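**Student:** Input: one structure, supplied below.
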Amino acid sequence: MRIGIARLWHEANSFSVCQTRLEHFEAREWFRGESCIAHYRGTATEPGGAIAWAELRNDVDLVFSRCASAAPAGPVDQELLEQLTVEIAEDPALKGIDGLYLSLHGACIGTVDGDPETTLVAALRRRFPDLPIAASFDMHACIAPELAGMLNAATVYRTYPHVDMAETARDALDMLSLIISDGVKSHVVLKTIDRILPSFNMRTDGPGPMLDIENEARAAGIKIGGKSLFPVAYPFASFAYADVPQANAGVLVTCEDKYQGQALADHVAGYMQAAQARFQPDLPTAEAVLASRPWADGRRVAILEPADNPLSGGIGDTPGLFRAAIHAGLPDGSVFAFFAAPEIVAKARRAGIGAELDISLGARLDPRFGEPVACQGRSPAHHRWPFPERGRHGAGHEGGSRSDSSAARGKPESHRDHRMPVSQ
């Protein structure tokens, strides 16, 4: 059994002004052919899960086409997407495969094409009209009906934080191999709920609405199908920052019997609709949180403002929380993290260790979220950022100098005297 594998994994934030280009993929994942085996083996990624799955069998050969992933950011350069689509869809290495597994995110956006993953699968379907194709998606996918309709099987991460990437690939490959070997005529049913579920209250490592939805989806599938692989339901929350027409939470059901599949999809979607209010946060403002002085009893406290979350395509540029923090009388040793400000780091290096600098933080790239904050900085000694980026999104890369960000530390006394070291 020869199974082709391709990967386009990118979560795009429509509100980001930072375009995703080839160098961003090359900095993270840009592999094809045998180099994929060397890079992904042993990693907690979908390709890593596929390799581990194949190595447990003696009847599968994996054929890797282009595998590409970049950190969440703004829309992807359209020319790059078109080149990547042609490269995968016309890859000579895929000739003669028995099935195809696609590792997709589901929230990729191009600078022109708002749904490049559907475009990619459509190009593959033109070449392989009858080939079994399975795909896996992130829980924050934005899945169009056209995309679901071109697949024979689909899986979605069941955990948040996402710690089941490899398992999600293996589940997709289990279904794909059964479709190939037994000639199963399977379909993917999509049912959406006309809502986007916010990521607040979404964690699945403890009690909460998303864990309840996942458990209900599993139980309902077993009730209908027993021990069979089909039907199986995978809920997804979608992604508001994508801001595309297909952004819509729902469920993907892989089934043999479309009527059974639709019944399961309707049931899970109804359960999601009933639970959606439990996801809605009731969040205070940054000023209100800081005014309550939650550190007053000596506790160490982390205050998060996730709208600029880099793992949702944020760019480390919004000044709201920092502006509130510098007026809050923070205790000594407080740390603000972070602003991406490479030009300030370069300025600090030129000035030398201990230099006092007049700087502006925030709104470097995008003024829509507030004006920059004027303050003073101090250049400390050069240091390394030694933590390996090994975890749910990567195979592990040692960080070098922390040369792309600045951190605010200390206890500002007034709006005119905000002093913090500028990390080099």
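The values are calculated or read from the model by the stated rules, or taken from the named source; none is laboratory data. Bear in mind the structure is a predicted one, so any value in this text is a computation, not a measurement. So basically every Cβ, Gly included, is an ideal-geometry build from the backbone, and we count neighbours across all protein chains shown. Ligands, DNA and RNA are excluded from the accessible area calculation, which covers all protein heavy atoms including side chains. Shrake-Rupley method; radii C 1.70, N 1.55, O 1.52, S 1.80 Å.
**Student:** Go through D205, D266, D243, D212 for me and flag whichever is more than 24 Å from S312 (Cβ to Cβ), surrounded by fewer than 20 Cβ atoms within 10 Å (Cβ to Cβ) and in contact (Cβ under 8 Å) with a residue 12 or more places away in the chain.
**Tutor:** When all the criteria are applied, what remains is D266.
So that you can scan it fast, the table gives a plain yes or no per residue for (1) loosely packed, with under 13 Cβ neighbours inside 10 Å; (2) touching a Gly at 6+ places or on another chain (Cβ under 6 Å); (3) of a type in the set (V, I, T); (4) at negative phi:
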position: D308; (1), (2), (3), (4): no, yes, no, yes
position: G314; (1), (2), (3), (4): no, no, no, yes
position: L321; (1), (2), (3), (4): no, no, no, yes
position: I326; (1), (2), (3), (4): no, no, yes, yes
position: L330; (1), (2), (3), (4): no, no, no, yes
position: E343; (1), (2), (3), (4): yes, no, no, yes
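**Student:** Now, a different point. Under the condition of being open to solvent by 50 Å² or more (accessible area, probe 1.4 Å) and assigned to a loop (DSSP other than H, G, I, E, B), which residue from the stretch 215-233 is nearest to C255 (Cα to Cα)?
**Tutor:** Selected residue: L229.
**Student:** Next up: Could you check the stretch 134-189 and list, in sequence order, the residues that are in a strand (DSSP E or B) and buried (at least 23 other Cβ atoms within 10 Å of the Cβ)?
**Tutor:** Those that are in a strand (DSSP E or B) and buried (at least 23 other Cβ atoms within 10 Å of the Cβ): A134, A135, S136, F137, A153, A154, T155, V156, V188, V189.
**Student:** Give the residue that is nearest to the chain's Cα centre (by Cα), with candidates limited to residues of the stretch 363-378 that are closer than 26 Å to G313 by Cβ and of a type in the set (G, A, S).
**Tutor:** So, considering only residues that are closer than 26 Å to G313 by Cβ and of a type in the set (G, A, S), the one nearest to the chain's Cα centre (by Cα) is A363.
**Student:** For P47, state whether it is under 21 Å from R170 (Cβ atoms) and crowded, with 18+ Cβ neighbours inside 10 Å.
**Tutor:** yes
**Student:** Let me ask something else. Name the pairs whose Cβ atoms lie under 9 Å apart, with the first residue in the stretch 319-343 and within 16 Å of P372 (Cβ to Cβ) and acidic (D, E), the second open to solvent by 30 Å² or more (accessible area, probe 1.4 Å) and not in a strand (DSSP E or B), and 6 or more positions between them or separate chains?
**Tutor:** So the pair list comes out as E343/R364.
**Student:** Determine whether the stretch 341-353 contains at least one residue that is touching a helix residue (DSSP H, G or I) at 6+ places or on another chain (Cβ under 8 Å) and under 30 Å from A240 (Cβ atoms).
**Tutor:** no
**Student:** Just checking, does the stretch 85-104 include any residue being in contact (Cβ under 8 Å) with a residue 40 or more places away in the chain, touching a helix residue (DSSP H, G or I) at 6+ places or on another chain (Cβ under 7 Å), closer than 22 Å to C18 by Cβ and surrounded by 22 or more Cβ atoms within 10 Å (Cβ to Cβ)?
**Tutor:** Checked against the condition, which is being in contact (Cβ under 8 Å) with a residue 40 or more places away in the chain, touching a helix residue (DSSP H, G or I) at 6+ places or on another chain (Cβ under 7 Å), closer than 22 Å to C18 by Cβ and surrounded by 22 or more Cβ atoms within 10 Å (Cβ to Cβ), the stretch 85-104 yields at least one hit.
**Student:** Of the residues A296, A288, A302, A337, which is within 23 Å of the chain's Cα centre (by Cα) and loosely packed, with under 12 Cβ neighbours inside 10 Å?
**Tutor:** A302
**Student:** Select from the stretch 220-268 the residues that are among the hydroxyl-bearing types (S, T, Y) and modelled with pLDDT under 95 and write down the one among them that is nearest to F200 (Cα to Cα).
**Tutor:** Taking the candidates together, the pick is Y241.
**Student:** Within the stretch 1-15, can you find the residues that are surrounded by fewer than 22 Cβ atoms within 10 Å (Cβ to Cβ) and farther than 14 Å from L173 by Cβ?
**Tutor:** Answer for the stretch 1-15, where residues must be surrounded by fewer than 22 Cβ atoms within 10 Å (Cβ to Cβ) and farther than 14 Å from L173 by Cβ: S14, F15.
**Student:** May I ask you to list the residues in the stretch 344-359 that are touching a residue at least 12 places away in the same chain (Cβ under 8 Å) and of a type outside the set (V, I, T)?
**Tutor:** K347, A348, R349, A351, G352, G354, A355, E356, L357, D358
**Student:** For V121, indicate whether it is open to solvent by less than 10 Å² (accessible area, probe 1.4 Å) and either among the aliphatic types (A, V, I, L, M) or not in a strand (DSSP E or B) (or both).
**Tutor:** yes
**Student:** Quick one: in the stretch 310-332, of everything that is part of a loop (DSSP other than H, G, I, E, B) and under 28 Å from the mean Cα position of the chain (by Cα), which residue is farthest from A70 (Cα to Cα)?
**Tutor:** Filtering the stretch 310-332 for residues that are part of a loop (DSSP other than H, G, I, E, B) and under 28 Å from the mean Cα position of the chain (by Cα), the one farthest from A70 (Cα to Cα) comes out as P319.
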